[in-house]
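Worksheet for the structure shown next.
The values are calculated or read from the model by the stated rules, or taken from the named source; none is laboratory data. What you see is a predicted model; the values in this text were computed from it and never measured. Every residue, glycine as well, gets a Cβ built from its backbone with ideal geometry; the counts of neighbours run over all protein chains shown.
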Amino acid sequence: MLRDSLFIRASCQEGSGYLKRANPERLHEIFNQYATQEKDGERFMTPADFVRSYLGLYTNADYNPDSVNLLAGIVDTSKDGLISFAEFQAFEGLLCVPDALYKTAFQLFDTNGNGMVAFEEFAEVMRKTELHQRLPFDMNGSFIKLYFGKDKKRLITYGEFSQFLHDFHEEYATEAFKKFDKNGDGFITAADFQDIMLNIKSHLLTKEVQKNLIAAVSTGQGGRNVSFPYFMAFNSLLNNMELIKRIYLNATGDHRYQEVTKEEFLHSAQMMSQITPLEVDILYHLCDLLHQTSKIIYNDLTAITPEQYFKHITKRLAEIKAVSSPEERGIVTQILESSYRFVLGSIGGAVGATVVYPIDLVKTRMQNQRTGSFIGELMYKNSFDCCKKVLRHEGFSGLYRGLVPQLMGVAPEKAIKLTVNDFVRDKFMDKNGNLPLTGEILSGACAGGSQVIFTNPLEIVKIRLQVAGEIAGGQKVRAWTVVKELGLFGLYKGARACLLRDVPFSAIYFPMYAHTKSKLADEGGYNTPLSLLMAGAIAGVPAAALVTPADVIKTRLQVVAREGQTTYNGLTDCARKIWKEEGVRAFWKGATARVFRSSPQFGVTLFTYELLQRLFVVDFGGSRPAGSDLKVPAMGVADEIKSTNRDHIGGYEVALPILTGIETKFGLCLPRFQAAPRSQPTK
């Protein structure tokens, strides 16, 4: 079902770097819209205005006022209980910096606004968190004294506090392990292990890992208890998944689809870093649980890597969420997804065809030029000579003869090709995004076969229009005239040759495009627009060249033979006569022009198709083009909770993920609701 039967819309302003600052005038308008207090002619926000009205947090009637005041205190640097526009604007700027997560956490603990954190401030905030109330931390232990001093009077600067907060969260997990290890033998139960991971280390867990915590322990530890070394190795592994990915790429030579055994991975790990054998064991146990395989590929690692990045895309003009989760993806959603791809594929196909149409016209005339059967027929020496003569005798518009019917047909033709390829790829793809090479080839072949419905009528009309200008003073030919002359069945003349060309072309092209694109991606797997164009063009070279013989046969069958030229009766007859009369070289006529046409055409088409999917993002709960997300480190914050409120501009676009990151990464979850008052005993 579609969420609430409607799409959820969100506009985005994203660049390839960090967030762009908000327009001050627009920000002031938004501030005045939410500010309810006025003092000496100046408007102010109350804590409730900022947290509940503007951010949309703690909206329940029985919200916890202490939690709201603490969060508002992050912005209220003057600590007077009100937020001025200057403070509101300053916090917007803070949210745009790379270390916004740590700076926001620092201001949460700096309750008196002196730019330092004292032990009393830290302890006061921590004692209000749900985590501390569930699993109290020893505030008199040696860890606290190392940072705040033996007498706990030392003040901590921002730099020191950022390290303290990171180490404190790691120490908290160790402290929790000690509390659950009641016998002091270095073991806790699997249930206690799950409790610690979900409450303290939840930011390291993807949904797949969360569901398999108990199973992972049973497989890795061979029982229901978890040892301290296993506990530490498990957390170390999840903390270092980006390093794990580098080890994998080192083992495969940057190939993301190659399977790697445990022995191969260990060898690469020892060459690059000190990842321990126990961590590698846990990695392969997790992958085996999730994907039932003793080998791993890159997508397996992605499935267990905690999301610690903002996803930035070149420029999102619109963002639509069709479903709230992949589980809601049904038949209707899949139909809408295919329709969306069809529309974008139509645009991409039209753009690609227009760019290379002059090359296509030259290619057609070269392929139709026959040798040895018609005296005086040799009109063009080569492709460049053909182009020069078209310009001389027919003008620039001659290079675009037949373009209109081409565009009318190429839009649905390329659209159905791209849509079917993506649709079949999705069907062959497993839940972790792995796609075998056979699946890629079959997806391409299905795409090539489907497009013939549109390609054959389009090609036969286009070819007859393109060759019509060869004879000076010849009768003017129009597209509708050709259609009426051929009739419905005539439009599919040479369809077998068309299939013989298009099926292998797509079976070669799409797998090669996917693998070339992967090779051209950066270290994070992101493809720049230029790399998309290059991948599309490179993949088009072998695909176009290898199917040229089928293209020559198709052209000969579909063109109208002039007086004295050889006529053909079907695919086999055509191939036999070309071989007999013109030799094997005739099958490769126009190969150069075909490569020069198909290579850039598909490069531009795929470039446009994927770029449009980046500009107009629609989340149907399925797969998105690989390499479309540019990941920029953002100190452990995921963008899943990114605000859809249009008033959250500039840095405030990530205010909700930042506050959520404070809760999940550092365990600083504040109570949502006001504690129920204790009932008084009756006398």
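Can you tell me which residue is surrounded by the most Cβ atoms within 10 Å (Cβ to Cβ) among those in region 237-264 that are part of a helix (DSSP H, G or I) and β-branched (Val, Ile, Thr)?
Looking at the filtered set, the residue picked out is Ile247.
Can you pull out every residue in region 554-577 that is modelled with pLDDT of 80 or more and hydrophobic (A, V, I, L, M, F, W, C)?
Within region 554-577, Cys574, Ala575 meet the criteria.
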Report, ordered by the first and then the second residue, all pairs with beta carbons closer than 6 Å, sequence separation of six or more or different chains, a first member in region 237-258 that is assigned by the TED database to the domain that holds Tyr284 and within 12 Å of Leu301 (Cα to Cα), and a second member that is of a type in the set (S, T, N, Q) and crowded, with 16+ Cβ neighbours inside 10 Å. Met241/Thr305; Ile247/Ser268; Arg256/Ser518
Would you mind stating whether Lys150 is surrounded by fewer than 19 Cβ atoms within 10 Å (Cβ to Cβ), assigned to a loop (DSSP other than H, G, I, E, B) and over 44 Å from the mean Cα position of the chain (by Cα)? yes
Within region 265-287, track down each residue that is modelled with pLDDT under 85, more than 23 Å from Ser518 (Cα to Cα) and part of a helix (DSSP H, G or I). Gln270, Met271
Looking only at region 501-517, which residues are surrounded by fewer than 19 Cβ atoms within 10 Å (Cβ to Cβ) and either under 16 Å from Ser450 (Cβ atoms) or within 15 Å of the chain's Cα centre (by Cα) (or both)? Pro504
Collect the residues in region 123-138 that are farther than 16 Å from Cys669 by Cβ and surrounded by 16 or more Cβ atoms within 10 Å (Cβ to Cβ), keeping them in residue-number order. Ala123
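Can you find even one residue in region 540-547 that is at pLDDT 80 or above, in contact with a helix residue (DSSP H, G or I) (Cβ under 7 Å, 6 or more places away or on another chain), closer than 30 Å to Val424 by Cβ and assigned to a loop (DSSP other than H, G, I, E, B)? Walk me through how you get there before you give the answer.
Restricting attention to region 540-547, the residues satisfying the condition of being at pLDDT 80 or above are 540-547.
Going one step further and asking which of them are in contact with a helix residue (DSSP H, G or I) (Cβ under 7 Å, 6 or more places away or on another chain), we end up with 540-547.
With closer than 30 Å to Val424 by Cβ added as a condition, the list becomes 540-547.
Within this subset, residues satisfying the condition of being assigned to a loop (DSSP other than H, G, I, E, B) are 547.
The answer is yes; a qualifying residue exists.
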In this structure, is Ile200 crowded, with 18+ Cβ neighbours inside 10 Å, under 15 Å from Pro136 (Cα atoms) and aliphatic (A, V, I, L, M)? yes
Scan region 195-215 and tell me whether some residue there is part of a helix (DSSP H, G or I) and at pLDDT below 80. yes
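Looking only at region 646-663, decide whether some residue is polar (S, T, N, Q) and modelled with pLDDT of 70 or more.
Just the residues of region 646-663 that are polar (S, T, N, Q), to begin with: 660.
Keeping just the survivors that are modelled with pLDDT of 70 or more gives 660.
Yes, region 646-663 contains a residue that is polar (S, T, N, Q) and modelled with pLDDT of 70 or more.
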Go through region 46-56 residue by residue and tally those that are over 18 Å from Ile658 (Cβ atoms) and either crowded, with 19+ Cβ neighbours inside 10 Å or touching a Pro at 6+ places or on another chain (Cβ under 9 Å) (or both). 3
In region 174-204, what residues are touching a strand residue (DSSP E or B) at 6+ places or on another chain (Cβ under 7 Å), free of Cβ contacts under 8 Å to residues at least 40 places away in the same chain and more than 28 Å from Ala303 (Cβ to Cβ)? Phe180
Residue in region 78-85 that is surrounded by 19 or more Cβ atoms within 10 Å (Cβ to Cβ) and among the basic types (Lys, Arg) present: no
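Assess whether Phe161 counts as being under 27 Å from Leu204 (Cβ atoms), in contact with an Asp or Glu (Cβ under 9 Å, 6 or more places away or on another chain) and crowded, with 20+ Cβ neighbours inside 10 Å.
Working: under 27 Å from Leu204 (Cβ atoms): yes; in contact with an Asp or Glu (Cβ under 9 Å, 6 or more places away or on another chain): yes; crowded, with 20+ Cβ neighbours inside 10 Å: yes.
Yes, satisfied.
In region 389-407, which residues are assigned to a helix (DSSP H, G or I) and touching a helix residue (DSSP H, G or I) at 6+ places or on another chain (Cβ under 8 Å)? Before the answer, list the steps.
First, the residues of region 389-407 that are assigned to a helix (DSSP H, G or I): 389-394, 396-400, 403-407.
Once the filter is applied, which keeps residues that are assigned to a helix (DSSP H, G or I) and touching a helix residue (DSSP H, G or I) at 6+ places or on another chain (Cβ under 8 Å), region 389-407 yields Val390, Leu391, Gly398, Leu399, Tyr400, Leu403, Val404, Pro405, Gln406, Leu407.
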State whether one or more residues within region 86-95 are outside any helix (DSSP H, G or I), of a type outside the set (Ser, Thr, Tyr), closer than 30 Å to Pro529 by Cα and at pLDDT below 95. yes
When you check Lys414 against the structure, is it at pLDDT below 85, in contact with a Gly (Cβ under 8 Å, 6 or more places away or on another chain) and part of a helix (DSSP H, G or I), yes or no? yes
Among the listed residues Lys178, Lys150, Lys128, identify the single one that is assigned by the TED database to the domain that holds Thr104 and touching a Ser or Thr at 6+ places or on another chain (Cβ under 8 Å). Lys128
Residues that are surrounded by fewer than 19 Cβ atoms within 10 Å (Cβ to Cβ) and not small (Gly, Ala, Ser), drawn from region 31-42: Asn32, Gln33, Tyr34, Thr36, Gln37, Glu38, Lys39, Asp40, Glu42
